[in-house]
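The values are calculated or read from the model by the stated rules, or taken from the named source; none is laboratory data. Since the structure is predicted, the reported quantities are computational estimates derived from the model, not experimental observations. As a convention, Cβ positions derive from the backbone with ideal geometry for all residues, glycine included, and neighbour counts pool all protein chains shown.
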């Protein structure tokens, strides 16, 4: 007998509908799986055999062939176990009813018939919907990921017997449905708050500008000045996630198994890799390409602490993703693309001892400082919109008892600015100023004669590239939005130029 059920395979975040076909015929007892399976799928035949027997069903001593179609697409992982078992049981007549063509099966089998949790459920279900699939039978532990999808019936199951009983209409499985609004009601309280930061008014302002427009930011200052402390609090002033952003982030984290107890990402990511991170771990890759830190930071923050300590090759791979907001990883058998629209925040000391340019004496020679900062290339520095020096807080600022502004107050202003940008760019397929293309910069960042004279004066003085020039215009546009100004004025340009002052001070050491 021949039976056919459906499942889903992923290449990156792109999905393909897979027909799992089982044929039982006369011949020497065997179970073979064809259709370009990887080792984990080939091993599935042993798991499936034992799981069926331990679930109380007779495993026919006949010749069984499983075909995973289309046969020219390589399949990997243990997510096909359930589909393979169901196709065999259907072909053997143990499942009496016909299986709906719009139903997909996802899950890994234990030897006792239990269905185990797998990674990548959400992207699989989203891709399945594109092929017209509207019902998914999956592990109970994964049900929370798929329940948020509109138009998808989620059937959570615990073991193989429960699946057979459901398909034979012997039992009814209750399904839950939670919409996005219910998820947003879950209390999101950031433990870190900007009210903890004493002083540093200029740095807080720079970070508010950066978050308002989604700009990359560099903090440079001596040890103990609060660079890391403030960077860690940036997620607390970023706007709340909307439904589209939540789905995109959760899809990526689902692939790597990083979802929390809610089975959905409710807060913007904050990724802080150690400086020993490899280029592949940072941007993604491997034999079967997986998302890297930049994709896990999608719609959130990638924080690189002590930037010069990172391997230069690791830093240089960021140049493309910072401009394109996506990373394409090519291998012999496949090419996958992951989104990586993140906000880069990096911090560094000005020299190995940390006190170059501060009140404390610096013990480093010029050559030592050059070698230290030499890992930061000019092209990478050029891609950082805002570069701000962080000074040490004095004793009076620490002890003045003044209540600092909370993250909630700052976030409200950021939300207001982001909303202005969203409405302005509603027809341009972007949402914030950092995404402006050169063509859109000409359209939305027009300067009056006074502003043109100011930026002309500083163009050569700061040694700006065309990219650096465009970055200033983008930041100025953000500052204008924060003040609800339709036009970019003199003060907006001057403040934006101020955030590129490190180009002049450190250019001889970095470039």
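So the values come out like this:
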quantity	calculated
Selected residue (criterion: surrounded by the most Cβ atoms within 10 Å (Cβ to Cβ)) from residues of the stretch 381-411 that are part of a helix (DSSP H, G or I) and at pLDDT 90 or above	410
Leading residue by the ranking (surrounded by the most Cβ atoms within 10 Å (Cβ to Cβ)) among those in the stretch 494-511 that are at pLDDT below 80 and part of a helix (DSSP H, G or I)	503
Residue within the stretch 259-274 that is under 18 Å from residue 316 (Cα atoms), without any contact (Cβ under 8 Å) to a residue 24 or more places away in the chain and either touching a strand residue (DSSP E or B) at 6+ places or on another chain (Cβ under 7 Å) or surrounded by fewer than 16 Cβ atoms within 10 Å (Cβ to Cβ) (or both) present	yes
Residues that are touching a strand residue (DSSP E or B) at 6+ places or on another chain (Cβ under 6 Å), touching a residue at least 40 places away in the same chain (Cβ under 8 Å) and more than 20 Å from residue 387 (Cα to Cα), drawn from the stretch 321-373	327, 329, 334, 336, 337, 338, 339, 340
Single condition residue 376 does not satisfy, out of (1) in contact (Cβ under 8 Å) with a residue 24 or more places away in the chain; (2) in a loop (DSSP other than H, G, I, E, B); (3) touching a helix residue (DSSP H, G or I) at 6+ places or on another chain (Cβ under 7 Å); (4) surrounded by fewer than 18 Cβ atoms within 10 Å (Cβ to Cβ)	(4)
Residues of the stretch 211-224 classified as closer than 18 Å to residue 369 by Cβ and out of contact with any helix residue (DSSP H, G or I) (no Cβ under 8 Å at 6 or more places or on another chain), total	2
Which numbered condition residue 354 fails, given (1) at pLDDT 90 or above; (2) closer than 21 Å to residue 272 by Cβ	(1)
Cβ-Cβ under 6 Å pairs, at least 6 apart or on other chains, the stretch 149-167 side under 13 Å from residue 90 (Cβ atoms), far side in a strand (DSSP E or B)	163/157
Hits in the stretch 431-463 - residues which are buried (at least 18 other Cβ atoms within 10 Å of the Cβ) and either free of Cβ contacts under 8 Å to residues at least 12 places away in the same chain or more than 19 Å from residue 479 (Cα to Cα) (or both)	462
Among the candidates 95, 86, 65, residue that is assigned to a helix (DSSP H, G or I), on the phi < 0 side of the Ramachandran plot and either out of contact with any helix residue (DSSP H, G or I) (no Cβ under 6 Å at 6 or more places or on another chain) or in contact (Cβ under 8 Å) with a residue 60 or more places away in the chain (or both)	86
Evaluation of residue 16 against (1) touching a residue at least 60 places away in the same chain (Cβ under 8 Å); (2) surrounded by fewer than 18 Cβ atoms within 10 Å (Cβ to Cβ); (3) assigned to a loop (DSSP other than H, G, I, E, B); (4) under 34 Å from the mean Cα position of the chain (by Cα) (one fails), failing number	(3)
Top-ranked residue of the stretch 24-57 - restricted to ones that are part of a strand (DSSP E or B) and in contact with a helix residue (DSSP H, G or I) (Cβ under 7 Å, 6 or more places away or on another chain), ranked as surrounded by the most Cβ atoms within 10 Å (Cβ to Cβ)	33
Test for residue 26: is it closer than 16 Å to residue 163 by Cβ and in the same structural domain as residue 169 (by TED's automatic domain parsing)	no
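Conditions tested, residue by residue: (1) under 13 Å from the mean Cα position of the chain (by Cα); (2) buried (at least 21 other Cβ atoms within 10 Å of the Cβ); (3) on the phi > 0 side of the Ramachandran plot.
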position: 297; (1), (2), (3): yes, yes, no
position: 302; (1), (2), (3): yes, yes, no
position: 305; (1), (2), (3): no, no, no
position: 310; (1), (2), (3): no, yes, no
position: 318; (1), (2), (3): no, yes, no
position: 330; (1), (2), (3): no, no, no
